[in-house]
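A short write-up of the structure that comes next.
The values are calculated or read from the model by the stated rules, or taken from the named source; none is laboratory data. Not measured: the values here are computed from a predicted model. Here Cβ is always computed from backbone atoms with ideal geometry, including for glycine, and neighbour counts include all displayed protein chains. Accessible surface areas use protein heavy atoms only, side chains included; no ligands, DNA or RNA. Shrake-Rupley method; radii C 1.70, N 1.55, O 1.52, S 1.80 Å.
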Amino acid sequence: PPALSSQPHSLAGPQIVLSVYGPDFFGHDVVRGYGAVHVPFVPGRHKRTIAMFVPESTSRLQQLTSWFTGRRPEFTDPRVVAQGEGREVTRVRSQGFVTVSFNVM
C-alpha cells in the first residue's frame with residue numbers, strides 16, 4: 001500500500017483558495033483578501049463562510065511607502081494560503097468574509 005504523507009494538509013482533501021483583488025484610492029489593482037476553504041465530501045448543499053485576510057508590512061515606513069506607490073505586500077504562491085504552514089510568522093490583518101455555496105453530488 002502507498003505510504004501516507006506526514007503533512008497534515010494531505011489528508012484534509014481538496015481546497016478552494018481565493019485571491020480577491022480590487023482598485024485602491026489611486027486606481028491600482030491591489031489585493032483585497034486571501035482565504036481558503038475545504039471542499040465538502042458529503043452530498044448536498046453546503047454554505048461556507050471564509051474569513052479573508054491580507055498580509056501587512058512590518059514597519060510604518062513600509063506601510064506608508066506601499067500606500068503611496070500602490071505596491072502592497074502579496075503572496076506569490078497560493079500554497080501559503082492553503083497550507084497555513086509558515087504563515088504564523090507573517091503579519092496579516094483580517095479583511096472581511098466571503099460566503100461560498102457548494103452543491104455536491
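The residue that is modelled with the lowest pLDDT, among those in the stretch 74-95 that are of a type in the set (A, V, I, L, M) and open to solvent by 50 Å² or more (accessible area, probe 1.4 Å), is 89. Listed conditions (1) of a type in the set (A, V, I, L, M); (2) part of a loop (DSSP other than H, G, I, E, B); (3) modelled with pLDDT under 80 are all met by residue 64, apart from (2).
Quick grid of which residues meet (1) assigned to a helix (DSSP H, G or I); (2) surrounded by 15 or more Cβ atoms within 10 Å (Cβ to Cβ); (3) of a type in the set (A, V, I, L, M):
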residue	(1), (2), (3)
22	no, no, no
41	no, no, no
50	no, yes, yes
53	no, yes, no
72	no, yes, no
97	no, no, no
101	no, no, no
